[in-house]
Amino acid sequence: MSEPNYAGNIIVSLASLPDFLRKPILKKRLMEFFSMSPLDKDEVINNALAAGPTIPFENFARLFKTWLEILSSLSEENRTIMFSSYVGAIISNPQKLILFNLDGILEIYFSLNKEQKEIISNSVKKILLSLDENSKRMLYLIIPDRAKKEFGI
């Protein structure tokens with residue numbers, strides 16, 4: 001990339017913050033995301049996918065769990081926008097997801113409380129079911145079996 005990865009730098013910085021600072025900052029950044037243009041959203045998502053694997057997993061796990069907790073408290077519309085953006089980016093560049101510790105990410109999801117898991121699961125399932133067959137097939141190849149079972153795909 002010829003431009004600095006500002007979103008990636010923010011993600012790396014957020015991952016290192018303690019919970020009491022990370023959560024309000026991340027929530028503010030998430031709310032800003034929803035008012036961005038589609039092009040800016042795509043850039044943020046692609047930068048996040050590029051930055052994620054570069055963060056030590058312990059820090060990434062804290063950040064990812066906070067992200068899921070915040071998303072579970074937002075509207076279905078906002079969750080759909082966020083997850084659809086990530087799914088679209090992953091379908092366009094599946095190799096970006098392969099760099100992540102998918103089993104570790106799934107364990108983070110399983111550490112959420114029952115209500116949060118249900119909210120996240122329903123949103124993700126709705127998006128996955130709306131995909132065309134080729135996109136579903138592509139995701140099926142890279143998603144861990146436990147995730148397939150959890151999300152019913």
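Out of segment 128-150, which residues are closer than 17 Å to Ile108 by Cα and either surrounded by 15 or more Cβ atoms within 10 Å (Cβ to Cβ) or polar (S, T, N, Q) (or both)? Outline the logic, then answer.
Taking segment 128-150 as the starting set, the residues that turn out to be closer than 17 Å to Ile108 by Cα are 143-150.
Selection gives Ile143, Ala147, Glu150.
Only one of the numbered conditions (1) exposed (fewer than 14 other Cβ atoms within 10 Å of the Cβ); (2) without any contact (Cβ under 8 Å) to a residue 40 or more places away in the chain is violated by Ser121, and that is (1). Considering the conditions (1) within 20 Å of Phe151 (Cβ to Cβ); (2) of a type in the set (A, V, I, L, M, F, W, C); (3) surrounded by fewer than 17 Cβ atoms within 10 Å (Cβ to Cβ), Ile25 is excluded by exactly one of them, (1).
State whether the residues of segment 119-133 include one that is of a type in the set (Lys, Arg), closer than 24 Å to Lys41 by Cα, touching a helix residue (DSSP H, G or I) at 6+ places or on another chain (Cβ under 9 Å) and not in a loop (DSSP other than H, G, I, E, B).
In the first step, residues of segment 119-133 are kept if they are of a type in the set (Lys, Arg); the result is 125-126.
Within this subset, residues satisfying the condition of being closer than 24 Å to Lys41 by Cα are 125-126.
Narrowing further to those that are touching a helix residue (DSSP H, G or I) at 6+ places or on another chain (Cβ under 9 Å): 125-126.
If we keep only those that are not in a loop (DSSP other than H, G, I, E, B) too, we end up with 125-126.
The answer is yes, given that some residue of segment 119-133 is of a type in the set (Lys, Arg), closer than 24 Å to Lys41 by Cα, touching a helix residue (DSSP H, G or I) at 6+ places or on another chain (Cβ under 9 Å) and not in a loop (DSSP other than H, G, I, E, B).
In segment 18-31, the residues that are more than 13 Å from Lys65 (Cβ to Cβ) form Cβ pairs under 7 Å with partners that are modelled with pLDDT of 90 or more, at six or more places apart or across chains, as follows: Lys27/Ile70; Leu30/Ile70.
Every residue, every condition in (1) crowded, with 17+ Cβ neighbours inside 10 Å; (2) among the charged types (D, E, K, R), yes or no:
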residue	(1), (2)
Leu49	yes, no
Asn59	no, no
Met82	yes, no
Lys126	no, yes
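Looking across segment 6-40, the residues that are in contact with a Phe, Trp or Tyr (Cβ under 8 Å, 6 or more places away or on another chain) and at pLDDT 90 or above come down to Leu26, Leu30.
The values are calculated or read from the model by the stated rules, or taken from the named source; none is laboratory data. The structure displayed is predicted, hence computed values, not measured ones. Virtual Cβ from ideal backbone geometry, glycine too; neighbours counted across all protein chains shown.
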